[in-house]
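One structure is given below, encoded as C-alpha cells.
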Amino acid sequence: MTDMSNQSAASRDSASWFLASARDRLAGLLDPGSFVEFLPPSERVRSPHLALFDLPAAFDDGMVVGRGRLDGQGVLAAAQEGQFMGGTFAEVSGAKLIGLLRAARDNPDLPRTVLLLLDSGGVRLQEANAGELAVAEVMRAIIEARSAGVAVIALVGGRAGAFGGAGLTAATCSRIVISEQGRLGVTGPEVIETNQGVEEFDSQDKALVWGVTGGRTRRLIGGSDAYALDTMAGFREAAVSLLGNPSPFDLRTLQAEQDRLAARQQRLGACDSPAALWATLGVPDPGAARDMDDEAFAALAATVKGTDHDAR
Amino acid sequence: MVTITLRYTTRGPASGHAPSAIVGVVASGNLEVLLERALPDTVCAVEIATPVRGYDEVWQAVVADFVERTSPGGLHISINDGGARPDTVALRLMQGIRMMEAGR
Amino acid sequence: MTLRSNVPSRRAWDTGQHSREQRLAAASRYARGKLVAHHDATALLEAVLRPGDRVCLEGDNQKQADFLARSLAQADPAVVRDLHIVQSGIVLAEHLDLFEAGIARKLDFSYSGPQGGPLARALAERKIELGAIHTYLELFSRYFVDLTPHVALTVARCADRDGNLYMGPNTEDSPVVIEATAFKQGIVIAQVNELVDKVPRVDVPGDRVDFVVVAPEAFYVEPLFTRDPAQVTETQILTAMLAIRGIYEEYGVRRLNHGIGFNTAAIELLLPTYAERRGLKGRIATHFALNPHPTLIPAIETGWVQQIHSFGSEVGMDAYMRARPDIYFTGRDGSMASNRLYCQAAGLYATDLFIGSTLQIDLQGNSSTVTRGRIAGFGGAPNMGSDPHGRRHASDPWLKAGREAADGQAGLARGRKLVVQIVETFGDKLVPTFVEQLDSVQLAETLRLDLPPVMIYGDDVTHIVTEEGIANLLLCRTADEREQAIRGVAGYTPVGRGRDRRAVEDLRARGVIRRPEDLGIDPLDAHKSLLAARSIKELMHWSGNLYDPPRKFRNW
C-alpha cells in the first residue's frame, strides 16, 4: 500500500518519520500488511469546499483512518497528512477522525487502543467553522472514548507539529509520544511573533521554537510520555512501550493533572529561555543536551525527575 | 481548477492483482495518483485535476509516454495535482504502476 | 650625439607617493598610530578619498566590511563623490546605497547574488555606470593592470597595533586586493572585530595596512555554502546518480570542483552510499577545489577525500576544519586559510572536472543565470566552467575527453576539461530551464551591454545532465547534433518536446545520449534514504558535533 517497495526492510525501519507521508508512517509503524483502511481514497470522500478556492482536494482529505496491529495487538489508527493543507482539521478530515473515535467508544469488539498520528497546524482556514467544530467534537470523542476504557495515544513528529486544535487534541490523549523534530503547542510561532513582537518570540529562530515547543523540552518537562527516535522503528518502539492497560480516566486523573501542571508552573514559570528551563530541571549542560544524538538524549531524559507520571 | 480527461487504447492489461494503489501527496510541487483496476483490459483512462493553467499539452505528452512505456490497460488513473513538475508526475505514475504490479 | 627624450626633465615620477602622503596627512588627526576610533570612520574616509578614486570595499563572496560600508554610505557626497567601485561582491544594501547617494558612479564587479534584483533596477534606471561584469579571476587580474584600487577597505577578525591582520578561514580576496593597492601607493583601511597584542597568524602584513578601525560589532559573513539535506529532492538524487555513474566513474575523475547547489550537494551526499556500492572510493572525488561544504562531511569522514583547497570559508565549519588539518589548508595557528585567487587558478588548471547548476540553457549549450529583473554576475563559474587552453599536463580524464572531442579529426591532439551542467528540466514555478534564447540576450539590449552575459559558453560544455539522462556534447559532430542532443535531455519543456525523435534515437544508439536505464539506474531507486545524511543535524553528528550549523539552519 506504500511506495517504499524499492527499499529493504532495514532501510524502511530507519526511514525518517519526519520526512514521511501519513501512509508511509502507518505502514512503517504497524505490523506489515495489517492495516485496513476505512473510507479509502477510492471512495473519494473529499472536501466539498476546496474547489471554491481553486485548491486541489485530496482523495482522503489528508486523514487516513483504519485498523491494524501493533506488535500483534489490534489497534485503530488515524494519521494526518501534514504535507496536505498543513494537516488541518476540516469538515471531512475531522469527521473521519470523530467517526473512528466514536466507533471505539461504542463498539467493544473493536480494538481498545487508538493511535493518533498528529501532524497539523490546527484548523483549515478555508473551512474554519467546520474545522473548529471538528476539533471540539474530536476532543469530546476522545474523552468519551477514554471514559469507556479506550487508550488514545498521540504520536507527534511531523513537519507541522501539533499546534492549535491538534495541540489541544494531543493534550486530551491518554499518552503522548514525541520525537526531537516534533513540536507541541497551541499558538503557532508566527502568530506569537505577530501578536507579541519579535523581541518576545522570534519565529525564525528555530532553535528557540524547538527549545520551547520541541520534543526534547516536552519530554523533559513531562509533557510527553515517551521519546522516539525519528524513525519508523523509533516510533513503533515508543508506542509499543505505552501499550497496556490504560489508567482509569476519572476525576482523580483530572485533579492529578491539574496538580502536575500547577507544580510545573511553579517550578519552571520564571524561566525565560529553554536553556534556563533545562538547567532548572537538572540537566548539567543544556547546550550539549540539545546537540547530542537521540540515544544519548533518551538516556539523559531517563535521569531527569518528573518526566514520567500517570496524570493526563 | 482545470480538469483534463485522457483516454487510451493499450497493447494489453497492466500486470499484477492489486485492485488499487495510491501514491504521492497533494502538496506544492507534488501530486497524488490513485490507480484503480476498473476498466477493460486494453483501456486506460486518466483524469487530472490541477490548479495550474496552460499545461494541457505537457500533461498529454507525459501521460502518453507513460502509457506507451507501461501499457497500463484496465487502469483508471485519477490525479490531484499540487503544481508538480513533469518529471515528478512521470515518477509518481511509474511508482503507481509498480505498486499495482506488485500488490496482491 | 646622443638622443634625448622629449619628455620634460621636470616630470614627477612619484605622484602616487605624493598623493598618498597628502591623504595620510589629511587623515592623521583621526589616527593614533594606525588606530582610528569607530566614530571617526566616516571622517577618515572623507579625508582619505578623492573624487573619482577607484575603491575596493570588500565585498568578498562571504565576509563583508559592513561597518566601513555603512560609514562610507554616510559620507558627504559633496566631498566623496564619483567613486569608481572595483569590488568583487555586491552583497549589502549599502553597496548600492553608495550609488543612490552619488558617492559612487561607476562599477566594476563580479558577483551580486543577494543584490541581483536591486542591481538590475539600478542599472536599468541608469543610476550606475557599468564598467563590466567580471569573473573573480578577471577582476583580480585587472587590479594589477588597469583597475588598481586607490583605496582598499578591508575586514579582518583582529589586528595588532602594527596593522598586522588576521582573517582566519575567511581570508578570501583580501591578500590580492591589498597587495595591488599597497604596492601602488594606495591606502588600506581595515575594520576589525578586536585589537590584540599578537595576531594568531599574519594574513596581511602590517606594512601594507594604513589604518585599523575596531568596529562596534563583529563583521557579517554570508552563509552561502550550506545546503540542507532535507531539501534535496528525488530528482536531484537521480541526477546525482547519473553524474556519478555516467561521468565520474566513466572518466575516473579524481580532481574536481563542485559549484554550489542542491544537485552537487546530492552528489556529495551520495559518495558514501551510492558511489561506495559501486566500489569507487579512491577512484573518484579525492582532490577538491571547493569551499568547505558541510554536505561533504560524510564523504570526508568515510575516507573519500584527500585534500581540499578553498576559495573562502563557510559559517560553522571553523572547528571541524581545525580538527581536520590533513584535509584542509591550515595555518600554523590551526585555522583554515582560504584564497580566492589561488583556488580559482587551481580550479581552472589543476582539476579535471567542473560541475554546476544553472538557470537557463539554450540550444547551443550556452548557459546563464540572468533572468528577468535579476543580475547575479559571474562569480567564479565561467573560470571553473571553461576549458583552459593553456593547460599542458596530462591526466586520464583530460586525455579521454580530448580523444572524444577529436574523434576522427586531423591535427595535434589536446586534452579537454570536463565541464558539466547538471540541471532539472523545469525550475521553480514550472519555469523551463531549456530555452530557445537566453534572457540575457534581451538584457544586453536593454542595458546596452557589449555582450549578453553568458555564464558558460556552449563550446566549453562537455556534458549536460538532467533527470532524462546525460548528453555528451564531446561526441557531437555538428551543431545540429548538439542541438538534438540538448533537446534529447530537455524533458517535457517546449525545447524538449520540439525534438526530432528519430535524430534523438540515433544519438542514443551512438551513446551520445544515455538514459538512466542505459546506465543501470532505475529512477525509482532515487530515494532520500540514499543520502548519507538527511538533515543538518545528521551532518553535525557525522562531524562528531564539530560542525556548528548557523542559527537559521538549526531546527532543533
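Selection over the stretch B:75-94 of residues that are more than 9 Å from chain C (Cβ to nearest Cβ), crowded, with 21+ Cβ neighbours inside 10 Å and over 18 Å from residue A:56 (Cβ atoms) gives a count of 1. Residue count for the stretch B:3-23, restricted to those that are more than 8 Å from every other protein chain (Cβ to nearest Cβ) and either of a type in the set (A, V, I, L, M, F, W, C) or surrounded by 16 or more Cβ atoms within 10 Å (Cβ to Cβ) (or both): 8. The residue that is farthest from the chain's Cα centre (by Cα), counting only those in the stretch A:199-234 that are surrounded by fewer than 22 Cβ atoms within 10 Å (Cβ to Cβ) and more than 14 Å from chain C (Cβ to nearest Cβ), is A:199.
Matching residues to (1) over 21 Å from residue C:541 (Cα atoms); (2) touching a residue at least 40 places away in the same chain (Cβ under 8 Å):
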position	(1), (2)
C:281	yes, no
C:298	no, yes
C:314	no, yes
C:318	no, yes
C:343	yes, yes
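Within the stretch C:100-122, restricting attention to residues that are aliphatic (A, V, I, L, M) and surrounded by fewer than 22 Cβ atoms within 10 Å (Cβ to Cβ), the residue that is farthest from residue C:448 (Cα to Cα) is C:101.
Can you tell me which of C:239, C:235, C:226 is more than 21 Å from residue C:462 (Cα to Cα), touching a helix residue (DSSP H, G or I) at 6+ places or on another chain (Cβ under 7 Å), assigned to a helix (DSSP H, G or I) and among the hydroxyl-bearing types (Ser, Thr, Tyr)? Don't jump to the end; show me each part of the working.
Working: C:239 fails: more than 21 Å from residue C:462 (Cα to Cα); C:226 fails: assigned to a helix (DSSP H, G or I).
Of C:239, C:235, C:226, the one residue that is more than 21 Å from residue C:462 (Cα to Cα), touching a helix residue (DSSP H, G or I) at 6+ places or on another chain (Cβ under 7 Å), assigned to a helix (DSSP H, G or I) and among the hydroxyl-bearing types (Ser, Thr, Tyr) is C:235.
Looking across the stretch A:62-87 at every residue that is over 18 Å from the mean Cα position of the chain (by Cα) and either within 14 Å of chain B (Cβ to nearest Cβ) or of a type in the set (Gly, Ala, Ser) (or both), the one that is surrounded by the most Cβ atoms within 10 Å (Cβ to Cβ) is identified as A:68.
Check whether at least one residue in the stretch C:502-521 is in contact (Cβ under 8 Å) with a residue 60 or more places away in the chain, assigned to a helix (DSSP H, G or I) and buried (at least 23 other Cβ atoms within 10 Å of the Cβ), and report yes or no.
Of the stretch C:502-521, the ones in contact (Cβ under 8 Å) with a residue 60 or more places away in the chain are C:514, C:516, C:519-521.
Narrowing the set further to residues that are assigned to a helix (DSSP H, G or I) leaves C:516, C:519.
From what is left, the residues that are buried (at least 23 other Cβ atoms within 10 Å of the Cβ) are none.
No, the stretch C:502-521 contains no residue that is in contact (Cβ under 8 Å) with a residue 60 or more places away in the chain, assigned to a helix (DSSP H, G or I) and buried (at least 23 other Cβ atoms within 10 Å of the Cβ).
Here the condition is being of a type in the set (A, V, I, L, M, F, W, C) and either surrounded by fewer than 24 Cβ atoms within 10 Å (Cβ to Cβ) or in contact with a helix residue (DSSP H, G or I) (Cβ under 7 Å, 6 or more places away or on another chain) (or both); of C:253, C:192, it holds for C:253 alone.
Please go through the stretch A:3-26 and pick out each residue that is more than 10 Å from every other protein chain (Cβ to nearest Cβ), at pLDDT 95 or above and either assigned to a loop (DSSP other than H, G, I, E, B) or surrounded by fewer than 23 Cβ atoms within 10 Å (Cβ to Cβ) (or both). Answer for the stretch A:3-26, where residues must be more than 10 Å from every other protein chain (Cβ to nearest Cβ), at pLDDT 95 or above and either assigned to a loop (DSSP other than H, G, I, E, B) or surrounded by fewer than 23 Cβ atoms within 10 Å (Cβ to Cβ) (or both): just A:17. Do you know which residues across the stretch C:27-74 are within 22 Å of residue C:170 (Cα to Cα), surrounded by fewer than 24 Cβ atoms within 10 Å (Cβ to Cβ) and of a type in the set (Asp, Glu)? Across the stretch C:27-74, the qualifying residue is only C:66. Residues that are surrounded by fewer than 24 Cβ atoms within 10 Å (Cβ to Cβ) and more than 19 Å from the chain's Cα centre (by Cα) were ranked within the stretch C:357-382; the one that is farthest from residue C:465 (Cα to Cα) is C:373. Among the candidates C:272, C:229, C:205, C:200, which residue alone is within 14 Å of another protein chain (Cβ to nearest Cβ) and either buried (at least 20 other Cβ atoms within 10 Å of the Cβ) or in contact with a Gly (Cβ under 9 Å, 6 or more places away or on another chain) (or both)? The conditions single out C:229.
Per this entry, residue A:239 is not counted among residues that are loosely packed, with under 13 Cβ neighbours inside 10 Å and either within 30 Å of residue A:8 (Cα to Cα) or touching a Ser or Thr at 6+ places or on another chain (Cβ under 8 Å) (or both).
The values are calculated or read from the model by the stated rules, or taken from the named source; none is laboratory data. Since this is a predicted model, take the numbers as computed values, not measurements. Don't worry about glycine lacking a Cβ; one is built from the backbone with ideal geometry, like all the others, and counts go over all protein chains shown.
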